[in-house]
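First the structure, in the form of structure tokens, and then the observations on it.
The values are calculated or read from the model by the stated rules, or taken from the named source; none is laboratory data. The structure presented is a predicted model; accordingly, all values stated were derived computationally and were not measured. Here the Cβ positions follow ideal geometry from the backbone for every residue, glycine too, while neighbour counts run over all protein chains shown. Keep in mind that these areas ignore ligands, DNA and RNA; they rest on the heavy atoms of the full protein, side chains included. Shrake-Rupley method; radii C 1.70, N 1.55, O 1.52, S 1.80 Å.
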Amino acid sequence: MAEGIRDKVAILGMGCSRFGERWDCSAEDLMIESFAEALADAGIEQDRIDAAWFGMSVDEHGLGKSALSLTTALRLPNIAATRVENMCASGTEALRGAVYGVASGAYDIALAMGVEKLKDTGYGGLPERTKGTFEDLWFPSVTAPGSFAQFASAYVARHGIDMDGLKEAMAHVSWKSHENGSRNPKAHLRARVSKEKILAAPMIAYPLGLYDCCGVSDGSACAIVTTPAIAERLGRTGPLVTVKSIQLALSNGSEVGYDSWDGSYALTTRLASERAYREAGIRDPRRELDLVEVHDCFSITELVTMEDLGLAEPGQGWRAVLDGTFDSSGEIPCNIDGGLKCFGHPIGATGLRMAYEIYQQLRGTAGDRQLNAARLGLTHNLGGYPNKNVCSVSIFGTC
């Protein structure tokens with residue numbers, strides 16, 4: 001029987017570029033920026049890296065479909081490297097490849113890199129011409145704001161709550177993110193925003209206003225992983241951060257083609273989190289998790305995700321948000337770094353950027369954002385639409 005990867009892999013070092021409109025940098029520059037930090041953090045030379053996984057989603061025109069742009073930009077020593085793509089979970093997919101490579105015993109030290117340079121396209125959203133014939137036939141005019149706006153409408157209908165109450169809770173989500181992001185020098189948006197301004201903002205797709213939507217940006221993040229034994233031999237000091245679990249769940253078409261799903265939750269998040277908790281040995285996530293980084297592409301996504309992760313009762317997530325449960329001073333701080341709302345969403349980098357924040361918090365190096373005694377954290381990505389998506393849930397902790 002498979003026994004999983006719990007505590008078989010440790011994070012030796014991590015790095016993260018500043019996210020934003022990085023007009024002065026190429027994607028290669030951004031990779032070098034995060035890699036330099038990760039190498040210094042790991043305390044090794046780059047020739048110690050045995051293999052690499054490269055997460056990138058849409059920038060094929062600039063970097064190509066292979067991992068050659070990674071190995072040449074970083075001058076890696078002619079090692080095995082693989083490019084991976086799994087929508088918004090691409091960064092986590094790169095980390096999963098590196099972690100599984102080490103856990104299997106195939107490699108001693110591996111690199112996971114994620115990058116995306118979206119601002120240079122000149123396009124306001126994600127520069128995707130198509131997601132395939134199925135999408136073109138079933139959803140010829142679909143947009144991300146439109147599909148997640150339906151998420152909100154379905155949530156209201158399912159739980160019989162007032163839309164004004166939900167909009168107030170969504171405004172609190174966005175307000176919280178901006179409060180957190182204002183303390184993060186690597187965030188794209190660092191201005192604090194009042195709830196009144198959020199609620200009065202122009203409507204994008206009802207009920208989602210401007211401040212309910214994350215933007216696009218340029219950014220890179222990476223991790224260097226190894227076994228706990230090797231990390232100790234290399235003289236790793238301070239808390240050792242290990243990978244407790246990395247789980248994925250992908251839609252199989254039932255949400256799109258059948259009536260069994262009512263649109264008020266993300267089925268894949270529920271499935272991936274159940275598997276992740278089981279692999280990590282977590283029985284009560286509300287009591288055991290110290291912080292979470294979730295995929296807040298829209299404020300409603302974060303709110304519903306709290307329920308899907310088992311951190312709030314179904315239909316009560318909006319109340320938990322308004323009660324401050326997920327604020328920086330709350331019971332389970334969520335997106336303490338500012339989240340996608342303040343970092344933007346350079347797709348290939350996002351999952352690793354989330355892991356970077358958890359890693360810093362567990363190591364006690366998060367600066368002004370540092371929480372007290374954080375020992376267990378979770379990251380969550382949701383790529384695609386509520387009815388057809390890729391979900392990843394990863395859990396990290398200290399040994």
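May I ask you to say which residue of Glu255, Glu288, Glu274, Glu293 is among the charged types (D, E, K, R) and farther than 20 Å from Thr379 by Cβ? Full working, then the answer.
Values: Glu288 fails: farther than 20 Å from Thr379 by Cβ; Glu274 fails: farther than 20 Å from Thr379 by Cβ; Glu293 fails: farther than 20 Å from Thr379 by Cβ.
On inspection, the qualifying residue turns out to be Glu255.
Just one of (1) within 18 Å of Lys341 (Cα to Cα); (2) open to solvent by less than 10 Å² (accessible area, probe 1.4 Å) fails for Asn389. It is (1). Within segment 182-202, residues that are under 26 Å from Asp164 (Cβ atoms) reach partners that are in a loop (DSSP other than H, G, I, E, B) and open to solvent by less than 50 Å² (accessible area, probe 1.4 Å) with beta carbons closer than 7 Å, at six or more positions or on different chains, in the pairs Ala191/Ser182; Arg192/Ser182.
Taking the condition surrounded by fewer than 15 Cβ atoms within 10 Å (Cβ to Cβ), among the charged types (D, E, K, R) and closer than 18 Å to Lys167 by Cβ, does Arg319 pass? Break it down stepwise before answering.
Working: surrounded by fewer than 15 Cβ atoms within 10 Å (Cβ to Cβ): yes; among the charged types (D, E, K, R): yes; closer than 18 Å to Lys167 by Cβ: yes.
Judged against the criteria, Arg319 is a match.
Condition check: among the β-branched types (Val, Ile, Thr), modelled with pLDDT of 95 or more, open to solvent by less than 10 Å² (accessible area, probe 1.4 Å) and out of contact with any strand residue (DSSP E or B) (no Cβ under 7 Å at 6 or more places or on another chain). Does Val173 satisfy that? For Val173, the condition - among the β-branched types (Val, Ile, Thr), modelled with pLDDT of 95 or more, open to solvent by less than 10 Å² (accessible area, probe 1.4 Å) and out of contact with any strand residue (DSSP E or B) (no Cβ under 7 Å at 6 or more places or on another chain) - is met.
How many of the residues making up segment 28-56 are under 19 Å from the mean Cα position of the chain (by Cα) and not hydroxyl-bearing (Ser, Thr, Tyr)? Break it down stepwise before answering.
Residues of segment 28-56 that are under 19 Å from the mean Cα position of the chain (by Cα), as a first pass: 30-31, 34-35, 38, 53-56.
Applying the additional criterion that residues be not hydroxyl-bearing (Ser, Thr, Tyr) yields 30-31, 35, 38, 53-56.
Qualifying residue count, segment 28-56: 8.
Of the listed requirements (1) of a type in the set (Lys, Arg); (2) at pLDDT 95 or above; (3) surrounded by fewer than 23 Cβ atoms within 10 Å (Cβ to Cβ); (4) in contact with a strand residue (DSSP E or B) (Cβ under 8 Å, 6 or more places away or on another chain), Arg158 misses just one: (4).
Restricting attention to segment 65-78, does a residue exist that is within 22 Å of the chain's Cα centre (by Cα), more than 17 Å from Cys297 (Cβ to Cβ) and at pLDDT 95 or above? Among the residues of segment 65-78, at least one is within 22 Å of the chain's Cα centre (by Cα), more than 17 Å from Cys297 (Cβ to Cβ) and at pLDDT 95 or above, which makes the answer yes. Here Gly348 meets the list (1) open to solvent by less than 10 Å² (accessible area, probe 1.4 Å); (2) out of contact with any Lys or Arg (no Cβ under 8 Å at 6 or more places or on another chain); (3) closer than 22 Å to Val193 by Cα almost entirely, failing just condition (3).
The number of residues in segment 245-291 being open to solvent by less than 20 Å² (accessible area, probe 1.4 Å), more than 21 Å from Cys88 (Cα to Cα) and touching a strand residue (DSSP E or B) at 6+ places or on another chain (Cβ under 6 Å) comes to 2.
Being small (Gly, Ala, Ser) and modelled with pLDDT of 95 or more is the filter here, so list the residues in segment 373-382 that pass it.
Ala374, Gly377
Within segment 207-242, being surrounded by fewer than 22 Cβ atoms within 10 Å (Cβ to Cβ), assigned to a loop (DSSP other than H, G, I, E, B), within 25 Å of the chain's Cα centre (by Cα) and at pLDDT 95 or above holds for Pro207, Thr227, Leu240.
Looking at segment 1-118, the strands (runs of 3 or more DSSP E) lying wholly inside it that each contain 3 or more residues that are out of contact with any Lys or Arg (no Cβ under 7 Å at 6 or more places or on another chain) and open to solvent by less than 20 Å² (accessible area, probe 1.4 Å) sit at 10-16, 51-55, 109-117.
Could you grab me the full set of residues in segment 84-114 that are of a type in the set (S, T, N, Q) and within 14 Å of Asp50 (Cα to Cα)? Break it down stepwise before answering.
To start, the set of residues in segment 84-114 that are of a type in the set (S, T, N, Q) comprises 86, 90, 92, 104.
Result: Ser104, single match.
Of all residues in segment 351-386, those satisfying the criterion of being closer than 22 Å to Gly281 by Cα, surrounded by fewer than 21 Cβ atoms within 10 Å (Cβ to Cβ) and aliphatic (A, V, I, L, M) are Ala373, Leu376.
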